[in-house]
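The values are calculated or read from the model by the stated rules, or taken from the named source; none is laboratory data. Small disclaimer: the values here were computed from a predicted structure and weren't measured. Counting neighbours? That spans all protein chains shown, and the Cβs are built from the backbone with ideal geometry, glycine included. Ligands, DNA and RNA are excluded from the accessible area calculation, which covers all protein heavy atoms including side chains. Shrake-Rupley method; radii C 1.70, N 1.55, O 1.52, S 1.80 Å.
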Amino acid sequence: MKVLMVITSHDQLGNTGRKTGFWLEELAAPYYVFKDAGVELTLASPKGGRPPLDPKSNEPEFRTDLTRRFEKDAAAEAQLNKTVRLDSVRQEEFDTVFYPGGHGPMWDLAEDKHSIKLIESFIAAGKPIGIVCHSTGALHRVKTPDGKLLVQGKEVTGFTNGEEEEVGLTKIVPFLVEDEMLKLGAIFSKKANWEAHVVTDGLVTTGQNPHSSGPAAKSLMAAVKQKARPSGAARAS
């Protein structure tokens, strides 16, 4: 199995003067779900090179065994240092794509034409995709092959209004993931703040928050394997 992971290149939290980027747990947990399963993994970002880490995600309260493992993993760090440019990757070379979150994607991946086209090409090819937390916002301009909004009528999850309120960034982000999905006609599924929650609807697997990133990666792998079976169809969960 070949998996592409798409990480934000954006490092500014609006005009607050504070830094943002990708959320470490949302990279590390899925990374090891894939790596430990023997998957061939490629990391990409809009600008290529080392993507910016949200410094908050590396504070003691947010560190996990897997974030510590990642930081001590020379091969993982070397791979993160040299992400390929997003405009150079082709859907045909991968079985699936996974988008870790963090606040960064709200500014770049949500509007990035290469990201939008890439997701559209995976959907058109009938390949499952996985997206977690704020990166659900990267779906808001994605369309199906027949020109309909991908999320319209689809059950999805992502960072909730309540979670955004708890971190105090409701007025800072370009849009609220939950509100935007509902506005576009999605069925937004959520659990209590910070509770792990994963939804699979057709080809799209989404996770609510950082704790959902590992489970979302597992669900995505299951969907890819199911798709590979001649009689299989992705199971909704």
For the range 201-211, indicate whether the set of residues that are open to solvent by 70 Å² or more (accessible area, probe 1.4 Å) and either over 15 Å from HIS134 (Cβ atoms) or more than 15 Å from the chain's Cα centre (by Cα) (or both) is non-empty. no
Could you please find all residues in the range 64-77 being basic (Lys, Arg) and either without any contact (Cβ under 8 Å) to a residue 24 or more places away in the chain or open to solvent by less than 70 Å² (accessible area, probe 1.4 Å) (or both)? ARG68, LYS72
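Rundown of residues vs (1) farther than 17 Å from LEU41 by Cβ; (2) under 18 Å from the mean Cα position of the chain (by Cα), yes/no style:
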residue	(1), (2)
ARG63	yes, no
LYS72	yes, no
GLU77	no, no
SER88	no, no
PRO105	yes, yes
LEU109	yes, yes
ASP112	yes, yes
ILE129	no, yes
HIS134	yes, yes
Output the number of residues of the range 124-148 satisfying the condition of being open to solvent by 50 Å² or more (accessible area, probe 1.4 Å) and part of a helix (DSSP H, G or I). 1
Evaluate the following for THR170: is it buried (at least 19 other Cβ atoms within 10 Å of the Cβ) and out of contact with any Gly (no Cβ under 7 Å at 6 or more places or on another chain)? no
Residue count, the range 173-200, condition assigned to a strand (DSSP E or B) and either of a type in the set (Ser, Thr, Tyr) or crowded, with 20+ Cβ neighbours inside 10 Å (or both), comes to 4
Please count how many residues of the range 96-123 are open to solvent by 10 Å² or more (accessible area, probe 1.4 Å) and under 24 Å from LEU169 (Cβ atoms). 6
List the pairs whose first member sits in the range 147-165 and is closer than 21 Å to LEU220 by Cβ and among the charged types (D, E, K, R), whose second member is surrounded by fewer than 21 Cβ atoms within 10 Å (Cβ to Cβ) and at pLDDT 95 or above, and whose Cβ atoms are under 6 Å apart, counting only residues at least 6 apart or on separate chains? LYS154/ASP201; GLU155/ILE187; GLU155/SER189; GLU155/ASP201
I'd like to know if the range 149-163 contains one or more residues that are of a type in the set (Gly, Ala, Ser), assigned to a helix (DSSP H, G or I) and open to solvent by less than 50 Å² (accessible area, probe 1.4 Å). yes
In the range 15-46, which residues are touching a residue at least 60 places away in the same chain (Cβ under 8 Å), open to solvent by 10 Å² or more (accessible area, probe 1.4 Å) and among the charged types (D, E, K, R)? GLU25
Report the residue count in the range 78-95 for those that are open to solvent by 10 Å² or more (accessible area, probe 1.4 Å) and aliphatic (A, V, I, L, M). 3
From the list PHE159, PHE188, which one is over 20 Å from MET5 (Cα atoms) and under 17 Å from the mean Cα position of the chain (by Cα)? PHE188
